[in-house]
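Just so it is clear, none of the values below were taken in a lab; they were calculated from the coordinates. Note that the structure is predicted; figures quoted are calculated from it, not measured. Positions of Cβ are backbone-derived with ideal geometry, glycine not excepted, and every protein chain shown enters the neighbour counts.
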Amino acid sequence: MGIITWLVLGLIAGLVAKILLPGRDPGGVVGTTLIGIAGSFIGGWLSTKFLHRPIPQNIGEPSMWIAAIAGALVLLIAYRLLFGNSRERR
């Protein structure tokens with residue numbers, strides 16, 4: 001898979017993570033997109049490293065989507081813990 005495919009996968013994974021964890025994030029849409037892209041890379045790396053699952057060549061592989069979305073969710077939660085959840089009224 002090429003870098004462009006991982007970027008598109010990360011963008012979609014970031015959007016799915018945002019849907020699963022609604023709320024206003026400090027980084028907005030751009031921050032969530034970047035978190036999704038980074039999460040897809042991290043999720044794919046963790047999947048190959050610890051679960052011994054090779055990166056599939058088919059973008060329709062469910063395990064790849066699960067790893068990318070899980071990585072995006074973990075990064076989104078960590079981002080909210082570090083930089084605050086803006087659901088709180090100020």
Original post:
Amide H of residue 53: which non-local residues (sequence gap of 5 or more, or other chain) have their own amide H closer than 5 Å, using H built in the peptide plane?
Top reply: 48
**OP:** Find how much the distance from residue 8 to residue 74 grows on full extension, using 0.36 nm per residue of separation minus their present alpha carbon separation; answer in nm with one decimal.
**Re:** 21.9 nm
Original post:
Normalised by the number of residues in segment 3-84, what is the relative contact order in percent for Cα pairs under 8 Å and 6+ residues apart?
Top reply: 40
Original post:
Roughly how large, in nm² to one decimal, is the mean projection of the convex hull of the alpha-carbon atoms in segment 3-84?
Top reply: 5.1
Subject >> Simple label model, 7 Å out from Cα along Cβ direction - residue 83 to residue 50, nm >> reply: 2.4
